[in-house]
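Participant: Got a structure for you, questions after.
The values are calculated or read from the model by the stated rules, or taken from the named source; none is laboratory data. All values derive from a computational prediction rather than experimental measurement. Just the protein is used for accessible areas: all its heavy atoms, side chains included, with ligands, DNA and RNA removed. Shrake-Rupley method; radii C 1.70, N 1.55, O 1.52, S 1.80 Å.
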Amino acid sequence: FPQEIGDGEFLVRGQTAAGRYIQVIYIIRSDEEIDYERLSLVDMITLTDSEETVLYIIHARELTAREKIKFRRNR
């Protein structure tokens, strides 16, 4: 389950289909919060055609050996 870590950021840890253990930090933005001036034309068209929120990945990395052990215990 995602863990809120502050400023609207969420952290999630898990295992990929390939078996790698990763950590991802992301934010969620609604359509009203998106700065359309910074997007490409293709991105703008895609967003205006959908009514979904947008996820921005801030950070993604593999877990360390110690983090993997802790993750497996808590799962």
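Participant: Would you mind checking which residues have amide H under 5 Å from Glu9's amide H? H placed 1.01 Å from N; only 5 or more apart, or other chain.
Facilitator: none
Participant: When the solvent-accessible surface of protein heavy atoms is calculated with a 1.4 angstrom probe, in what order do Glu67, Glu62, Glu4 fall, highest first?
Facilitator: Values: Glu67 40, Glu62 90, Glu4 120 Å².
Largest accessible area first, the residues go Glu4, Glu62, Glu67.
Participant: So what J values fall out for segment 3-11 if you push phi through Karplus, 6.51 cos²θ - 1.76 cosθ + 1.60 with θ = phi - 60°, rounded to Hz, Gly and Pro as x?
Facilitator: Per-residue couplings from phi come out as 10, 6, 10, x, 6, x, 9, 10, 10 Hz.
Participant: Explain nothing, just compute: Karplus ³J(HN,Hα) = 6.51 cos²θ - 1.76 cosθ + 1.60, θ = phi - 60°, for every residue of segment 61-75 in order, whole Hz, x for Gly and Pro.
Facilitator: Those phi angles translate into 7, 6, 6, 6, 4, 5, 5, 4, 4, 4, 4, 4, 5, 7, 6 Hz.
Participant: For Leu63, what residues show an amide H to amide H distance below 5 Å, using hydrogens built from the backbone and excluding near sequence neighbours?
Facilitator: Those qualifying (amide H under 5 Å, at least 5 residues apart or on another chain) are Tyr21, Ile22, Gln23.
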